[in-house]
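Scroll down for the structure; my scribbles are underneath it.
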Amino acid sequence: MEADAALTAVGRLDVRYDQVAATLGAAGDAARISVGRRGMLGSLERYVVAEEEIGVAIEDVRALARGATRAIALDDSTPPEVIAAIRALAEAVRELANMLEDEAEPERAREAAMRAVRFANAVLAETSNMSALHIVGQVRLVAADLLRATGLERAEASQAVRSAPIERVDDAP
């Protein structure tokens, strides 16, 4: 089942995340110590900001995957926007990776994260199903984590998530 596979995959991220964090720490130390490498500090900053927020996002995705697994085990009904929201989060992660690798602008990652929130908000308007509401909460948390990873301040990311309108699957382009 896909939810179980996602939960297993998130578990494997811990080792990779620790490796990235250690590498960034060492790179930052090298750039601070070496006069010739100090110019790299600006380039590293984008990664350092993202790395801190990605660590939080991993924990939130773990809770999201557990919630999805539980919803499936309970055979709880969830609106189609739940799946659309999770797919939009996946797109946001891919766009965040593109932003970091290509030093691209963060708009595409931010838009995908906000699309996930808009779909999640539609679920809030439709159901009181606890499994769906748990997943919605986690989608919103991960989206805020990803917005912060793109460089938005905490207050700005939180406000964007809180004020996002509803988007239904039928309305999506």
Tell me the carbon and sulfur percent of the accessible area for the stretch 101-155, rounded to whole percent, probe radius 1.4 Å.
49
Please compute the length gained on full extension between Glu107 and Arg154, using 0.36 nm multiplied by the number of residues separating them and subtracting their Cα-Cα distance.
15.3 nm
Quick calc: nm separation of the 7 Å Cα→Cβ label points for Glu52 and Ala97 -> 2.4
Send over a whole-number figure in Å² for the accessible area per residue of the stretch 81-173, probe 1.4 Å.
49
Label-to-label distance, nm, for residues given as Ile83 and Ile166 (7 Å Cα→Cβ offset)
2.1
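Order these peptides, 62-75, 108-121, 82-95, by their mean beta-carbon neighbour count within 10 angstrom, highest first.
Put in order of decreasing packing, that is 108-121, 82-95, 62-75.
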Taking Rh as the Kirkwood radius computed over C-alpha pairs, what is the Stokes-Einstein D of the stretch 47-142 at 25 °C in a medium of viscosity 0.890 mPa s, expressed in µm² per second?
179
For the pair Leu124/Asp75, report the inter-label distance in nm, with labels modelled 7 Å from Cα in the Cβ direction.
3.1
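The values are calculated or read from the model by the stated rules, or taken from the named source; none is laboratory data. Since this is a predicted model, take the numbers as computed values, not measurements. Here Cβ is always computed from backbone atoms with ideal geometry, including for glycine, and neighbour counts include all displayed protein chains. For the accessible areas, the whole protein counts, side chains as well, though only heavy atoms, and no ligand, DNA or RNA atoms are used. Shrake-Rupley method; radii C 1.70, N 1.55, O 1.52, S 1.80 Å.
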